[in-house]
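Here is the structure we will look at, set down as structure tokens.
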Amino acid sequence: MSENPSPIESEFATAEEAEAYDRWFRAKVQMSIDDQRPTASHEDVMAALRKLIETKRDINASDPMAN
């Protein structure tokens, strides 16, 4: 795949590759739509990640071998 494909030409070598990718992508999207697990808000995820980062930062700050 090229970095900036022309809108006129495909980024796939063959039509079969493009069709296979399209099928794969649509299946992944459908799996996500069908997923019944509870969702997490962006704010909740970011708060959890901030806490993880701070924990790692504190551990590394107290570890003389980490620097």
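The values are calculated or read from the model by the stated rules, or taken from the named source; none is laboratory data. Here the structure is a predicted model, which means the values were calculated and not measured.
Assuming residue 38 fulfils every condition listed in (1) assigned to a helix (DSSP H, G or I); (2) at pLDDT 90 or above apart from one, which condition is it?
It is condition (1) that residue 38 fails.
Working only within the stretch 41-67, note down all residues that are at pLDDT 90 or above and acidic (Asp, Glu).
Hits for the stretch 41-67 are 43, 44, 54.
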